[in-house]
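Below you'll find the structure, written out as structure tokens, and then a few comments.
Every read-out reported here was derived from the displayed coordinates using simple, explicitly stated rules and does not represent laboratory data. All figures in this text were calculated on a predicted structure; none of them were measured in a lab. Virtual Cβ from ideal backbone geometry, glycine too; neighbours counted across all protein chains shown.
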Amino acid sequence: MGAAACAFARYARGGWRVDSTPHPEGGDVDLGLRGRTAIVCGASSGMGLATAEALAEEGAQVAMFARRRDLLEREAERIGALSVRGDLTNPRDLERLVERTLEAFGGIDILVNNGGGPPRSPALDLDPASVEAAVELLLLSAIRLTNLCRPHLERSGHGRVINIESSSVREPVDNLVLSNAVRPGVIGWAKTLARELGPTGVTVNTIAPGRIDTERLAEVYPTGPTEQDLAKIPMRRLGTPREIGDVVCFLASDQAAYVTGTVVPVDGGLTRSLL
């Protein structure tokens, strides 16, 4: 099996859940990430944590960024990563994240923009202040942090910007108007940035997760999804955070050096969009 196929195929089949425990050392493929430095945002839980785990297992040096100090420090110690506590919407926290990463590792090769989503809400009577907050959280934070990392990514020779967004960038989701409205703006920015950074060798890609088994999804399915819920997903199950982390590792690798400006759906076939 080739490296790309292996990166996408690491999962254990089960019912509506699959085993999301970290993979053992010495897996079936080496993606060549050993010694590279990655910043992972929203890294204390869910897809961010799984991404930090996957990168660390590939031998990358990982800086984990999140708001919840105790949880972040505990998980970083377990993985062997650097923990930097902060808020995505605070520009000074982002500056400190980059400073701490450079002090610890001397460079930045991979940036994973990821964070929590805005509140669930319909479009009717939408509060403009909520829209501004969503833009600050989802779009401006990614722009600010990427701008801070850009000189180091260009010097890397293997620079990667990977955004973890949502299937809402391909198909609007009911009662998620803020995500539906703002996240596609991240894609427009990322696509433009990919074209502008292409000559430097830095790639910019976005992952569009579907229904992934995280704390946020548990708010939607407090007792677990029903058969009717899962019937909407061709794979008939939720995805695992680790399946997102494995795709991040592939996009961060040299095997994906010619992949840029893309949106990669990891949704079990949920979205019907052709592109």
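Go ahead and run the numbers for FRET between Asn90 and Ile143, Cβ-Cβ distance against an R0 of 22 Å, rounding to 0.05. Display every interim value, and only then the final one.
Details: r = 14 Å, r/R0 = 0.65.
Plugging the Cβ-Cβ distance into 1/(1 + (r/R0)^6) gives 0.95.
Note on the chain: with a GNM built from Cα contacts shorter than 10 Å, the maximum mean-square fluctuation among Leu193, Leu230, Leu31 falls on Leu230.
Can you give the translational diffusion coefficient of region 95-179 in µm²/s, computed by Stokes-Einstein from the Kirkwood radius over Cα pairs at 25 °C and 0.890 mPa s? Diffusion coefficient, whole number: 168 µm²/s.
Would you kindly state how much longer the chain becomes between Thr223 and Glu77 on full extension, computed as 0.36 nm times their sequence separation minus their alpha carbon distance, in nm to one decimal? The partial results should precede the final answer.
Numbers: separation 146, 0.36 × 146 = 52.56 nm, distance 3.14 nm.
Gain in length upon complete extension: 49.4 nm.
About its Cα centre, the dipole of region 153-273 is roughly 240 debye, where the only charges are +1 on Lys and Arg Cβ and -1 on Asp and Glu Cβ.
If you place +1 on the Cβ of every Lys and Arg and -1 on the Cβ of every Asp and Glu, how big does the dipole about the Cα centre of the chain come out, in debye to the nearest 20?
On the way: 30 positive and 35 negative charges, 56 e Å.
Dipole size: approximately 260 debye.
Given +1 at the Cβ of Lys and Arg, -1 at the Cβ of Asp and Glu and no other charges, the dipole of region 31-92 around its Cα centre is 220 debye to the nearest 20. Mean sequence separation of contacting Cα pairs (under 8 Å, at least six apart), scaled by the length of region 68-187, corresponds to a relative contact order of 31 percent. Comparing mean-square fluctuations of Leu139, Leu97, Leu126 from a GNM of the chain with C-alpha springs under 10 Å, the top value falls on Leu126. Ranked for footprinting exposure by Cβ neighbours inside 10 Å, fewest first, Thr240, Thr262 give Thr262, Thr240. Remark: the Glu171-Tyr258 segment gains 28.7 nm on full extension, using 0.36 nm per residue and subtracting the alpha carbon distance. Using the rule -39500 (n - 2.57) for each DSSP H run of four or more residues, divided by the residues of the chain, the 222 nm mean residue ellipticity is -12500 deg cm²/dmol.
Multiplying the residue separation of Arg68 and Glu154 by 0.36 nm and subtracting their alpha-carbon distance yields 27.9 nm. Using the Cβ-Cβ distance between Glu132 and Ala231 with R0 = 41 Å, the FRET efficiency computed as 1/(1 + (r/R0)^6) comes to roughly 0.65. In this structure, Leu102 and Arg216 have a Cβ-Cβ separation that, at R0 = 30 Å, corresponds to a calculated FRET efficiency of about 0.45.
Could you point to the residue in Cys41, Gly198, Ser141 farthest towards the positive end of the chain's charge dipole, with +1 and -1 charges on the Cβ of Lys/Arg and Asp/Glu respectively? Sorting the options by dipole projection puts first Gly198. In region 32-266, if the dipole is taken from +1 on Lys/Arg beta carbons and -1 on Asp/Glu beta carbons about the Cα centre, which of Gly210, Leu153, Thr226 is farthest to the positive end? So the residue furthest toward the plus end is Leu153. Across the chain, the relative contact order, built from alpha-carbon pairs under 8 Å that are at least six residues apart, equals 23 percent.
Long hydrophobic helices in the chain, taken as whole DSSP H segments with a C-alpha length of 18 Å or more on their own axis and mean Kyte-Doolittle hydropathy at least -0.5: 141-156, 177-197. Computed over region 203-269, relative contact order equals 60 percent, with contacts defined as Cα pairs under 8 Å that lie 6+ residues apart.
Per the Kirkwood definition applied to all pairs of different Cα atoms, how many angstroms is the hydrodynamic radius of the chain?
On the way: mean 1/r = 0.0533 Å⁻¹.
After inverting the mean inverse Cα-Cα distance, the result is 18.8 Å.
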